[in-house]
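Step one of this worksheet: look at the structure below.
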Amino acid sequence: MSKSRVPEMQKHSSVIDRLSSILKIDLRSRPVQIYFAYDVFVSQISMGLPVKPSIQEMMPEIKMAADTAFDLLFGNQTMLPLQAG
C-alpha cells in the first residue's frame, strides 16, 4: 500500500492502489479523483454498459472512498461559502 498525500484518504489506500493498477492511472498522487472515477462507473452501469468484473466487485469500496473524496472536495468549511452562488 502506498501512502496517500491526502491523509483523510489513507484509509482507502488499498482500493486506490488496486484501482490505479486496473485503470493504469495513478490515483495515488491525487486520490480525491476516485470520486470522478466512481461517477463514471455509476453512469456507465446506469446506461447498461459493462464495467470490468474486477471494478464491479470493488464498487462498495470505491463508493466509500468516493464519499470521503466528495466530503473533502465539497464539504470543506472553506469552500462551502463559495458554493452558495
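Of the residues making up region 18-29, those that are at negative phi and exposed (fewer than 15 other Cβ atoms within 10 Å of the Cβ) number 6.
Number of residues in region 35-65 that are part of a helix (DSSP H, G or I) and farther than 27 Å from residue 75 by Cβ: the value is 4. Scanning region 17-39 for residues that are within 14 Å of residue 70 (Cβ to Cβ) and free of Cβ contacts under 8 Å to residues at least 12 places away in the same chain yields one hit, 36.
Each value in this text was obtained by applying a stated rule to the coordinates, not by laboratory testing. Quantities reported herein were computed from a predicted structural model and do not represent experimental measurements. Here Cβ is always computed from backbone atoms with ideal geometry, including for glycine, and neighbour counts include all displayed protein chains.
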